[in-house]
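Asks: One structure coming up, written as structure tokens, with questions to follow.
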Amino acid sequence: MIWLAGNKGMLGSDLEKLLKESGAGFISSDREVDISDIAAVEKFLGNRKIEWIINAAAYTDVDGSESDKETAFRVNAEAVRNLAETAAARSAGLVHISTDYIFDGKNKSGYSEDDKPSPINTYGMSKLKGEMYARDILPEHYIIRTSWLYGAGGRNFVFTMLDILGRKDEIKVVSDQRGSPTYSADLAGLLLNIISEKRLGFGTYNFSNGGSCSWYEFACAIYGMGMELGILKKEVNIVPVDTSAFPRPAARPAYSLLLKDKIKNSGITVRDWKDALGDFMRSAEFLKRAAGGEGIDNEIE
Ligand SMILES: NC(=O)c1ccc[n+]([C@@H]2O[C@H](COP(=O)([O-])OP(=O)(O)OC[C@H]3O[C@@H](n4cnc5c(N)ncnc54)[C@H](OP(=O)(O)O)[C@@H]3O)[C@@H](O)[C@H]2O)c1
């Protein structure tokens, strides 16, 4: 039996969909089982026999973490300690998701799993602390670091851009931050493969889609694809600007490329971010939501 925590989130909803399709035995929860409350976790699990805990729950408000450090550390760190201890007590494994934001973004050639983390914002610090708990408490863990996540089940950059591109004649997008977009369905598929195939050694792995881009280049690709698919219809001038044009409470790493040699050397395929974006924007889930005209004013993590 698998316990999926955070099933209503962006990644969690893709995981739940795949778990249902696979026929695997699982239970799932979101806010109603506060993972930072060990008593609530124990009450929820009761006598159930759990083989895996997948933690897709997190406090993902990057700017909000600066003003609410307590929640960031409670959910992104203390709750991970709870889950690792729960897994240890029940002889289960833990799959935990972390982020490129644990790095400072100064290394232009990208970060491997062995590079020293040095977060520059509270969110990154809280996620790093969560990693440490998982690693220290439970040898049977997978920590998968990912970046620039988007998918059908959450607030993200693709929907935000689509909304703005549909309404404006000119938009400004940051061009001096570089990273790798990740389609949450690709990440969800990888996580379930890791569990079912059991060929990856426990430990920490980077995973995102392949290649890299700036937010500006990402926006241009969304615009191009939107025009091609007929979702967007008018010409929009997309203007590259520096990060300083959009002051925000939390600093962002400038270059947060996750190097994926370790996972690729384990035989896992990493497809290019543009291919993944194309599949996402052609998917039924995306088209349904795009047709609903949801304007989403989101944060970019
Ligand atoms: N989004 C990105 O760009 C990005 C990039 C790199 C890494 N990641 C990591 O990837 C993972 C998945 O991210 P995501 O974007 O799918 O997150 P998400 O959409 O924000 O989903 C997280 C879910 O966890 C729930 N949650 C919050 N606090 C909880 C608690 N105390 N107990 C139980 N559930 C709780 C949230 O509920 P509410 O919505 O009600 O708060 C939400 O449903 C996270 O670990 C995140 O740090 C994300």
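Coordinate-derived values only; no laboratory data. Since the model is a prediction, treat every value here as computed from it, not as a measurement. Quick reminder, even Gly has a Cβ in these numbers, built from the backbone with ideal geometry, and neighbours come from all protein chains shown.
Asks: How many of the residues in the range 157-189 are within 10 Å of the ligand (Cβ to nearest atom) and surrounded by fewer than 22 Cβ atoms within 10 Å (Cβ to Cβ)? First the steps, then the outcome.
Replies: Pass one, the range 157-189, residues within 10 Å of the ligand (Cβ to nearest atom): 157, 179, 181-182, 184, 187-188.
Filter once more, keeping what is surrounded by fewer than 22 Cβ atoms within 10 Å (Cβ to Cβ): 157.
Counting residues in the range 157-189 that are within 10 Å of the ligand (Cβ to nearest atom) and surrounded by fewer than 22 Cβ atoms within 10 Å (Cβ to Cβ) gives 1.
Asks: Pairs under 9 Å by beta carbon, first residue without any contact (Cβ under 8 Å) to a residue 60 or more places away in the chain in the range 244-259, partner of a type outside the set (K, R) and part of a loop (DSSP other than H, G, I, E, B), six or more apart or different chains?
Replies: Here the result reads S244/D176, each pair linking the range 244-259 to a residue that is of a type outside the set (K, R) and part of a loop (DSSP other than H, G, I, E, B).
Asks: I would also like to ask the following. Given the residues G224, G267, which is the only one that is free of Cβ contacts under 8 Å to residues at least 40 places away in the same chain and out of contact with any Asp or Glu (no Cβ under 8 Å at 6 or more places or on another chain)? Spell out the reasoning first.
Replies: Details: G267 fails: free of Cβ contacts under 8 Å to residues at least 40 places away in the same chain.
Within the list G224, G267, the selection yields G224.
Asks: Quick check on my filter: what residues within the range 98-148 are buried (at least 21 other Cβ atoms within 10 Å of the Cβ) and small (G, A, S)?
Replies: Passing the criteria: S98, G105, G124, S126, G130, A134, S147.
Asks: Next question, about the same structure. Please go through the range 13-33 and give me each residue that is within 16 Å of the ligand (Cβ to nearest atom), of a type in the set (G, A, S) and farther than 14 Å from G189 by Cβ, ordered by number.
Replies: S28, S29
Asks: Which one is surrounded by the most Cβ atoms within 10 Å (Cβ to Cβ) among residues in the range 211-227 that are in contact with a Ser or Thr (Cβ under 8 Å, 6 or more places away or on another chain) and closer than 13 Å to A276 by Cα?
Replies: Step one: filter the range 211-227 for residues in contact with a Ser or Thr (Cβ under 8 Å, 6 or more places away or on another chain), giving 211-217.
If we keep only those that are closer than 13 Å to A276 by Cα too, we end up with 211-212.
On the way: G211: 16, S212: 20.
Looking at the filtered set, the residue picked out is S212.
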